[in-house]
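Working notes for the structure below.
The values are calculated or read from the model by the stated rules, or taken from the named source; none is laboratory data. Everything numeric in this text was worked out from a predicted model, so none of it was measured. Cβ placement follows ideal geometry from the backbone for every residue including glycine, while neighbour counts extend to all protein chains displayed.
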Ligand code: MD6
Ligand code: FE
């Protein structure tokens, strides 16, 4: 494997997933979304997010009346989340350097104009395990900073098949998605981007 790009401690494995694996993951994600439909979360500030979300696994990330937490049920469907697809677990095993499977796979869906503001992934209750992130579909401009929101940032375009790992000192680094090159990816008919993030949750 070619060594990863190191962006402020975030490791980026370019092109880790070939097109066949990307398509397999998209099909698996569509299967999960049939059981756990995408939601447009409303932030603590009352603003609907531009990214739509769902989850798979033991727990899923939700915004519940302005509070960010992991819930064992889909808020609308009221059912448990679907299992994390095997094709997705295989990526975690390959790259996470962690003995246990993740508890949750967050599914982020970006349509035209969607973005994600600078944030930290800090709702997991433990931060020793890495967060692993898979990009599928259109290229996205990924920004990484430090442990403080005001720290300087650096950016890189994430392409379909790239895998990013936020671990070690970078586990709680600020990061976000500034914009997409909508329709430039070719993987998803009609354009868009799927981001999968795997988390170990207390
Ligand atoms: C995205 N990613 O790529 C947003 N979080 O669409 C994240 O928010 C993220 O890439 C934790 C770890 C890696 C990530
Ligand atoms: Fe994140």
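Computed values, structure above
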| read-out | value |
| --- | --- |
| Segment 120-132 residues that are closer than 10 Å to residue 200 by Cα and at pLDDT 95 or above, paired with ones that are within 8 Å of ligand 1 (Cβ to nearest atom) and in a loop (DSSP other than H, G, I, E, B) (beta carbon under 8 Å, 6 or more apart) | 131/121 |
| Condition check for residue 44: without any contact (Cβ under 8 Å) to a residue 40 or more places away in the chain, assigned to a helix (DSSP H, G or I) and surrounded by fewer than 17 Cβ atoms within 10 Å (Cβ to Cβ) | no |
| Residues satisfying the stated conditions in segment 183-201, i.e. part of a loop (DSSP other than H, G, I, E, B) and either buried (at least 19 other Cβ atoms within 10 Å of the Cβ) or in contact with a strand residue (DSSP E or B) (Cβ under 7 Å, 6 or more places away or on another chain) (or both) | 185, 187, 188, 192, 200, 201 |
| Which numbered condition residue 190 misses (of (1) free of Cβ contacts under 8 Å to residues at least 12 places away in the same chain; (2) within 18 Å of residue 20 (Cα to Cα)) | (2) |
| Condition check for residue 177: assigned to a strand (DSSP E or B), farther than 18 Å from residue 144 by Cβ and within 11 Å of ligand 1 (Cβ to nearest atom) | no |
| Residue among 71, 114, 44, 96 that is modelled with pLDDT under 95 and either within 14 Å of ligand 1 (Cβ to nearest atom) or farther than 16 Å from residue 196 by Cβ (or both) | 44 |
| Subset tally (residues that are assigned to a helix (DSSP H, G or I) and within 17 Å of residue 143 (Cα to Cα)) for segment 1-37 | 0 |
| Among residues of segment 147-170, those that are closer than 22 Å to residue 2 by Cα and either part of a loop (DSSP other than H, G, I, E, B) or within 18 Å of the chain's Cα centre (by Cα) (or both), counted | 15 |
